[in-house]
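The next block holds one structure in the form of structure tokens; read it before the comments.
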Amino acid sequence: MTVADYERAGLYDPAAPGAPGRLELLEWLRERGVSLQQMIDAHQQGGLAFLASGLALRPGTRVPRGELPARLGMRAAELESFLVALGLPPDAPDAATFTESEVELLGSVLVGIDLLGESGMRRLARVIGQSVSRIAEAMVETNRESRLARVSASGSELTYAQALLRSTERAYAPAVLVRGLLPVHIEMSARRLRFGRTSDAVATTHGCIAFVDLVGFTTLSRRTSPEALSELIDRFEEVAHDVATLRQGRVVKFIGDAVMVMTSEVEPACDIALALIERFAGDPDVTPRGGIASGALIDHGGDYYGPIVNLAARITDLAVPQEVLASQEVAAALAGSALRCEPAGRRTLRGFDAPVSLVSVSRAA
């Protein structure tokens, strides 16, 4: 490849601002074995600086999507349904979507079907797809922030491309934690569900749900810069995760400005909600409140549903800043504990036919 080739391909204009830097990038890509056509395709998609890192992220030849059913021994419609469940959108039959190693990996879907049944494996595939997508987005976002801080001073296309490549080559180092920690979390999850499972025939378990949200978050978001708001959310999520984990709880999910926590027993759930309020005491931006309910939970795909979850959410809506409200079932389970329950009246909750008696939970003096 010559400079003239770059010019004819529309990759390089010697009169354009930053022309020397562009030529440096093109020569660096050529030295790495990147073809002219690959450069052209990447340039047309606005991703020339991402080309080397993209090739390093998923190396190897690509397999046309239309060949996958025969390669994997699956019906085309069945395979496509699992790919969608995994968060992988449809593509043309001749699109070179997956590498050889990825095709081999997709064969594990058949093992899952044999183990869990088709519907069970499809449900697990959705959870895997959503979880991996979130992990990937968090990695890209975090990496982008650190990368921009390193290369912003130079402004060079080559420097940016090289930083991208270095990040990609090291991307799997933190990701390997997923595989390594999975057995540990399977063991903890099995113990948690075994403790509360009343019957193997029904996907329910007895447990406690706590919601903690931030009062006034909507108003705060309108008058706070995106950077400050991002820092606030990050701080709340970090503290909520640590507080729950230290008290044998599991963060099920974050929903906007709220965290949903599940525990096997009532007292840890109350301790988590109270500890979060205590951790943010005096903080002008973060004013948590909590709602807690216990009983039969429908556990499905790593999440929890049912009347108890709805009850905990509705109770949270009624709490004032720095207050933890709970149901009578929670109060009964706390009898004799180090926590104090004071009557908070009978309240009408949206979606519930009859008023519900509540208590305010606090630490004993």
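The values are calculated or read from the model by the stated rules, or taken from the named source; none is laboratory data. The shown structure was predicted, so the numbers you read here are calculated from the model rather than taken from an experiment. Here Cβ is always computed from backbone atoms with ideal geometry, including for glycine, and neighbour counts include all displayed protein chains. Keep in mind that these areas ignore ligands, DNA and RNA; they rest on the heavy atoms of the full protein, side chains included. Shrake-Rupley method; radii C 1.70, N 1.55, O 1.52, S 1.80 Å.
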Determine which single condition R314 fails, assuming it passes every other condition in (1) of a type in the set (K, R); (2) without any contact (Cβ under 8 Å) to a residue 24 or more places away in the chain; (3) in contact with a Gly (Cβ under 9 Å, 6 or more places away or on another chain). (2)
Suppose the filter is among the hydroxyl-bearing types (S, T, Y), surrounded by fewer than 13 Cβ atoms within 10 Å (Cβ to Cβ) and modelled with pLDDT under 75; does T142 pass it? yes
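Quick one: which of T287, T245 is farther than 19 Å from Y304 by Cα and among the hydroxyl-bearing types (S, T, Y)?
T287 is the lone residue from the list that is farther than 19 Å from Y304 by Cα and among the hydroxyl-bearing types (S, T, Y).
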Count - residues of segment 314-328 that are within 28 Å of the chain's Cα centre (by Cα) and open to solvent by 10 Å² or more (accessible area, probe 1.4 Å): 4
Looking only at segment 4-19, which residues are open to solvent by 60 Å² or more (accessible area, probe 1.4 Å) and either touching a residue at least 60 places away in the same chain (Cβ under 8 Å) or more than 13 Å from M39 (Cα to Cα) (or both)? D13, P14, A15, P17
Scan segment 221-240 and report the pairs whose first residue is within 14 Å of R279 (Cβ to Cβ) and whose second residue is aromatic (F, W, Y), with Cβ atoms within less than 6 Å and a gap of 6+ or a chain change. E237/F254
Among the candidates V286, V251, V259, V239, which residue alone is of a type in the set (V, I, T), crowded, with 20+ Cβ neighbours inside 10 Å and under 18 Å from the mean Cα position of the chain (by Cα)? V259
So which residues in segment 74-128 are part of a loop (DSSP other than H, G, I, E, B) and open to solvent by 30 Å² or more (accessible area, probe 1.4 Å), if there are any at all? R75, L86, G87, L88, P89, P90, D91, A92, P93, D94
Looking at segment 59-73, I want the residues that are within 14 Å of L83 (Cβ to Cβ) and have a partner that is among the small types (G, A, S) and assigned to a helix (DSSP H, G or I) with Cβ atoms under 6 Å, at least 6 apart or on another chain. Which pairs are those? P69/A76
Exactly one condition in (1) among the hydrophobic types (A, V, I, L, M, F, W, C); (2) more than 38 Å from the chain's Cα centre (by Cα); (3) over 18 Å from T159 (Cα atoms); (4) open to solvent by 40 Å² or more (accessible area, probe 1.4 Å) is false for L36; which is it? (2)
Of the residues A42, A70, A49, A85, only one is modelled with pLDDT of 90 or more, within 34 Å of the chain's Cα centre (by Cα) and not polar (S, T, N, Q); which? A70
Has segment 292-301 got any residue that is touching a residue at least 60 places away in the same chain (Cβ under 8 Å), farther than 22 Å from P343 by Cα and open to solvent by 70 Å² or more (accessible area, probe 1.4 Å)? yes
Give the number of residues within segment 329-344 that are in contact (Cβ under 8 Å) with a residue 12 or more places away in the chain and open to solvent by 40 Å² or more (accessible area, probe 1.4 Å). 7
Considering only residues that are in contact with an Asp or Glu (Cβ under 9 Å, 6 or more places away or on another chain) and aliphatic (A, V, I, L, M), which ones fall in segment 230-242? L232, I233
Looking at segment 172-193, is at least one residue assigned to a loop (DSSP other than H, G, I, E, B) and not acidic (D, E)? no
Scan segment 202-211 and tell me whether some residue there is farther than 24 Å from L318 by Cβ and assigned to a loop (DSSP other than H, G, I, E, B). yes
Identify the residue in segment 304-313 that is among the small types (G, A, S) and part of a helix (DSSP H, G or I) and, among all such residues, is surrounded by the fewest Cβ atoms within 10 Å (Cβ to Cβ). A313
Unmet requirement for T316, which otherwise passes all of (1) touching a Lys or Arg at 6+ places or on another chain (Cβ under 7 Å); (2) among the β-branched types (V, I, T); (3) assigned to a strand (DSSP E or B): (3)
